[in-house]
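Q: The structure is given below, and queries will be raised subsequently.
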Amino acid sequence: MEGKILKAVSSAVEKGIETAVVTVLEVKGSSPGKEGSMMAVFSDGSILGTVGGGALEYEFIQEALKAIKENKSCEKSFELTEKGSLHMKCGGFVRAYIKVFAKREKLLIMGGGHLGAELYTLGKFLNKYVVIFDDREEFANRKRFPEADEIIFGKMEETVKNYSVDENSYIIIVTRGHENDKECLKAILDKKVSPKYIGMVGSRGKVLSTYKELLDEGYSKEELKKIYSPIGLDISSSEPKEIALGIMAEITAVKNQKTGEHMRDVRKIDIDNLN
């Protein structure tokens, strides 16, 4: 059963389903649970395995769901007496560890060209769930992106409309042209969701032109302020590898709520004041 549980948890995490595993660490006296027993709890409340059933198991399920919501592993214990919170008569004690397995962050790359390929490489290096979108068969295939978690072929502004996007998603728009970029951006804004990051490639002039067009079409300034465009940190040359690095650096800063400043400035290293 342990192997089945771990396999199910691994599969759930790959699919973006948040999961927790409850493992009984210690049992004293009479208890429905046994040391080493294990139970997977999924974010929808379903379970696999058991830690004893009944009121004890119900409480561990609730604690696991709370841990998933807070994204924080923890240790929990229960006194199985009438004086305990469960008001049970077993007379025992159970201690368990709840390990949370958060869903992987999704990196949605709209466009599989040169820059998209470099972003894919960095995304996999950073253990992101990488999804490639493109409407060209020569770019949307396993030969070009052998380790992509998903490759979605078709008109990008249409396929992204039907793709699940949430607050755990990072979206990069790097299609083959300015008009395609705009249409993909509109499709994402129309979903009325709040991904962690939306970035769109483009020069200052093209970005301002796009924003003016979108305002004329009824999109709000508040919506446009959420977009990172021109995209990336100011660290790169015109080489795709360096541009991709600047984009992923910006995403990392957004993810960790950092400023992107030099660490020597953050830590206030002042050589002039050294004795």
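Q: Return the pair list, or none, for Cβ contacts closer than 8 Å from residues in the range 12-29 that are closer than 30 Å to Lys106 by Cβ to residues that are hydroxyl-bearing (Ser, Thr, Tyr) and open to solvent by less than 20 Å² (accessible area, probe 1.4 Å), at least 6 apart or on different chains.
A: From residues that are closer than 30 Å to Lys106 by Cβ, the pairs are Ala12/Thr19; Val13/Thr19.
Q: Could you tell me which numbered condition Lys34 fails, if it satisfies all but one of (1) open to solvent by less than 50 Å² (accessible area, probe 1.4 Å); (2) in a loop (DSSP other than H, G, I, E, B)?
A: Failed condition: (1).
Q: Which residues, counting only those in the range 142-171, are of a type in the set (A, V, I, L, M, F, W, C) and out of contact with any Asp or Glu (no Cβ under 9 Å at 6 or more places or on another chain)? Give the derivation first.
A: Within the range 142-171, the subset of a type in the set (A, V, I, L, M, F, W, C) is 145, 148, 151-153, 156, 160, 165, 171.
Residues satisfying the conditions are Phe145, Ala148, Val160, Val165, Ile171.
Q: Restricting attention to the range 179-199, which residues are within 21 Å of His114 (Cα to Cα) and either surrounded by fewer than 16 Cβ atoms within 10 Å (Cβ to Cβ) or touching a His at 6+ places or on another chain (Cβ under 7 Å) (or both)?
A: Selection gives Glu179 alone.
Q: Something else now. State the number of residues belonging to the range 240-258 that are at pLDDT 95 or above and charged (D, E, K, R).
A: 3
Q: Mind counting the residues in the range 90-104 that are more than 17 Å from Lys72 (Cβ to Cβ) and either open to solvent by less than 40 Å² (accessible area, probe 1.4 Å) or of a type in the set (Ser, Thr, Tyr) (or both)?
A: 3
Q: Could you pull out the residue among Ala8, Ala20, Ala12 that is modelled with pLDDT of 95 or more and either loosely packed, with under 14 Cβ neighbours inside 10 Å or within 23 Å of the chain's Cα centre (by Cα) (or both)?
A: Ala20
Q: Continuing with the same structure: Which ones in the range 136-175 are of a type in the set (Lys, Arg) and buried (at least 16 other Cβ atoms within 10 Å of the Cβ)?
A: Result: Arg144, single match.
Q: Kindly indicate which of Glu222, Glu250 is of a type in the set (D, E, K, R), surrounded by 16 or more Cβ atoms within 10 Å (Cβ to Cβ) and part of a helix (DSSP H, G or I). Give the steps one after another, and end with the answer.
A: Values: Glu222 fails: surrounded by 16 or more Cβ atoms within 10 Å (Cβ to Cβ).
One residue alone meets the criteria, Glu250.
Q: Moving to a separate point now. Within the range 197-221, take every residue that is at pLDDT 95 or above and of a type in the set (D, E, K, R) and give me the one that is farthest from Glu157 (Cα to Cα).
A: If we take residues in the range 197-221 being at pLDDT 95 or above and of a type in the set (D, E, K, R), then Lys221 is farthest from Glu157 (Cα to Cα).
Q: Is it the case, given these coordinates, that Thr259 is in contact (Cβ under 8 Å) with a residue 40 or more places away in the chain and either assigned to a strand (DSSP E or B) or open to solvent by 20 Å² or more (accessible area, probe 1.4 Å) (or both)?
A: no
Q: Pick from Lys128, Lys155, Lys89, Lys191: which is at pLDDT 95 or above and either of a type outside the set (A, V, I, L, M) or over 27 Å from Asp216 (Cα atoms) (or both)?
A: Lys155 is the lone residue from the list that is at pLDDT 95 or above and either of a type outside the set (A, V, I, L, M) or over 27 Å from Asp216 (Cα atoms) (or both).
The values are calculated or read from the model by the stated rules, or taken from the named source; none is laboratory data. Keep in mind it's a predicted model, so treat the numbers as computed, not measured. Neighbour counts run over all protein chains shown; Cβ positions are idealised from the backbone, glycine included. Ligands, DNA and RNA are stripped out before the accessible areas are found, and what is left, the full protein with its side chains, is counted by its heavy atoms. Shrake-Rupley method; radii C 1.70, N 1.55, O 1.52, S 1.80 Å.
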